[in-house]
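K.L.:
My questions will all concern the structure given below.
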Amino acid sequence: MFTTLWSEAHGEAGVRTGVDVGGHGLWTFERVSDFAFRILDLAPAVLGAEAVVRLGWFVVGQGTRASSIGEHFRASGREIHAGHILGWAMVLLVAAVVVWGVSRAVAIREGRGSHSPRRLFAELCRVHGLDAPSCRLLRQLARSHRLDHPALVFVRPALFDQLDATLQPSSDQVRQLKDRVFGPALEARPLAD
């Protein structure tokens, strides 16, 4: 099954070996552990389960040095610099911000956005067909009554009747806005029987 074609001494790594495994071609290895890792890829198909166990004992018996294990995880001579770590951290941060921004945009577009009294007020003005000066007058009315949320003017008709000195000159416009938001004046409606 394993045919050693040639073997020679090769520096500190040990013996360099050329092996033909079951007719799958020539592989060259400088360490027994390299040979073992390559064999483990093909072992189940070529050898079967029992032979894989025997191969494992063969590799263990070769006495591979524990210090050479790390060579398979990191290329020799390469160091990790703080600049590389910082660069990758920045890339990950930018990617996270982009993902967060896209998810926020989708949430807002779908109406799942955060609680926004300003956006609610703007939407109510749009639904009622109010122009910009009318919206400004409604905001001024909300400020004069010290409302936490300006949209409350759309549910409290009594606010339109209690005007402070700054809104007195615009009382006719405020009355028209009240009729537009709540319908015709309550006094003009006939009483239901």
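The values are calculated or read from the model by the stated rules, or taken from the named source; none is laboratory data. Treat the numbers as computed from the prediction; the structure is a model and nothing was measured. Cβ atoms come from the backbone with ideal geometry, glycine included; neighbour counts cover every protein chain shown.
K.L.:
State which residue pairs qualify: first residue within 19 Å of PRO117 (Cβ to Cβ) and outside the structural domain of PHE121 (by TED's automatic domain parsing) and inside segment 153-172, second residue of a type in the set (D, E, K, R) and at pLDDT below 85 in any location, beta carbons under 9 Å apart, and separation of 6 or more residues or different chains.
P.N.:
none
K.L.:
Which of the residues that make up segment 139-171 are among the charged types (D, E, K, R) and either surrounded by 10 or more Cβ atoms within 10 Å (Cβ to Cβ) or at pLDDT below 90 (or both)?
P.N.:
ARG139, ARG143, ASP148, ARG156, ASP161, ASP164, listed by residue number.
K.L.:
For segment 126-134, check the following and say yes or no: at least one residue is assigned to a helix (DSSP H, G or I), within 34 Å of the chain's Cα centre (by Cα) and not assigned by TED's automatic domain parsing to the domain that holds GLN168.
P.N.:
The answer is no; no qualifying residue exists.
K.L.:
For segment 118-127, what are the residues that are in contact with a helix residue (DSSP H, G or I) (Cβ under 6 Å, 6 or more places away or on another chain) and surrounded by fewer than 16 Cβ atoms within 10 Å (Cβ to Cβ)?
P.N.:
LEU120
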